[in-house]
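A.B. asks: Below you will find the structure I want to go over with you.
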Amino acid sequence: MPRRKDGMRTVAPVFQLYRFSDDDVVWWRLVSPNGRGLARSALALPSVEAARASVEDVRAAVGSLMPVLRLTGAYRWQWLLTHDEVPVVQGIGDQDRRIRCAHACRSFVELAPVTPLDAAVATFRRSSAPPVSARRTAT
């Protein structure tokens, strides 16, 4: 397996589909070459087929999505990609600096069109309920 200059192993980026054991909706995320989640679908999707279609739609439209960087109340930076002001992609985690946040967003834009989709659907056990706003599903 290839290694970075700092000795860390790299992995091929991949889109993953997942759901939580207590819910029927499906999400997708892009796992970056450092093995961490880079971004996820902004809204839950009603089925595996809808999640696969969402990944394909994002791949095709990623260059036309509008990046939004925002400062949280805790003075951390988060990013989104929107279409007609509707969030489509949400960065995973937040950043301590605006420049790192912008870099994470650019990384997604560069990786998304060439990143394969894993055929498997992972199921995770939820440790806590997500905020109500995050549980809305795409129609």
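A.B. asks: Do any strands (runs of 3 or more DSSP E) entirely within segment 4-76 hold 2 or more residues that are within 15 Å of Leu117 (Cα to Cα), and if so, which?
C.D. replies: In segment 4-76, 14-20, 27-31, 37-41 are the strands (runs of 3 or more DSSP E) which contain 2 or more residues that are within 15 Å of Leu117 (Cα to Cα).
A.B. asks: Looking only at residues in segment 91-103 that are surrounded by fewer than 17 Cβ atoms within 10 Å (Cβ to Cβ) and not aliphatic (A, V, I, L, M), which one is modelled with the lowest pLDDT?
C.D. replies: The qualifying residue modelled with the lowest pLDDT is Gly93.
A.B. asks: Let me ask something else. How many residues does segment 54-64 hold that are open to solvent by less than 70 Å² (accessible area, probe 1.4 Å) and in contact (Cβ under 8 Å) with a residue 40 or more places away in the chain?
C.D. replies: Adding up the residues that qualify gives 5.
Conditions (1) among the hydrophobic types (A, V, I, L, M, F, W, C); (2) over 28 Å from Arg126 (Cα atoms), marked per residue:
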position: Asp22; (1), (2): no, no
position: Trp27; (1), (2): yes, no
position: Ser32; (1), (2): no, no
position: Leu43; (1), (2): yes, no
position: Glu49; (1), (2): no, no
position: Ala53; (1), (2): yes, no
position: Val62; (1), (2): yes, yes
position: Phe108; (1), (2): yes, no
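A.B. asks: For segment 16-30, name all the residues that are of a type in the set (Val, Ile, Thr) and either surrounded by 21 or more Cβ atoms within 10 Å (Cβ to Cβ) or modelled with pLDDT under 95 (or both).
C.D. replies: If the condition is that a residue be of a type in the set (Val, Ile, Thr) and either surrounded by 21 or more Cβ atoms within 10 Å (Cβ to Cβ) or modelled with pLDDT under 95 (or both), then Val26 is the only one that fits.
A.B. asks: Which numbered condition in (1) open to solvent by 20 Å² or more (accessible area, probe 1.4 Å); (2) among the aromatic types (Phe, Trp, Tyr); (3) touching a helix residue (DSSP H, G or I) at 6+ places or on another chain (Cβ under 7 Å) is the only one that Tyr75 fails?
C.D. replies: Tyr75 satisfies every listed condition except (3).
A.B. asks: Within segment 35-51, count every residue that is open to solvent by 20 Å² or more (accessible area, probe 1.4 Å), touching a residue at least 12 places away in the same chain (Cβ under 8 Å) and under 11 Å from Leu17 (Cβ atoms).
C.D. replies: 4
A.B. asks: Among residues belonging to segment 115-124 that are in contact (Cβ under 8 Å) with a residue 24 or more places away in the chain and closer than 19 Å to Ala53 by Cβ, point out the one that is surrounded by the most Cβ atoms within 10 Å (Cβ to Cβ). Please lay out each step first, then the result.
C.D. replies: Within segment 115-124, the subset in contact (Cβ under 8 Å) with a residue 24 or more places away in the chain is 115-118, 120-124.
With closer than 19 Å to Ala53 by Cβ added as a condition, the list becomes 115-118, 120-122.
Numbers: Thr115: 20, Pro116: 10, Leu117: 16, Asp118: 14, Ala120: 9, Val121: 15, Ala122: 12.
Top of the filtered list is Thr115.
The values are calculated or read from the model by the stated rules, or taken from the named source; none is laboratory data. This is a predicted model, so every value here is computed, not measured. Reconstructed Cβ throughout: ideal geometry from the backbone, glycine too, with neighbour counts over all protein chains shown. With ligands, DNA and RNA removed, areas are computed over all heavy atoms of the protein, side chains included. Shrake-Rupley method; radii C 1.70, N 1.55, O 1.52, S 1.80 Å.
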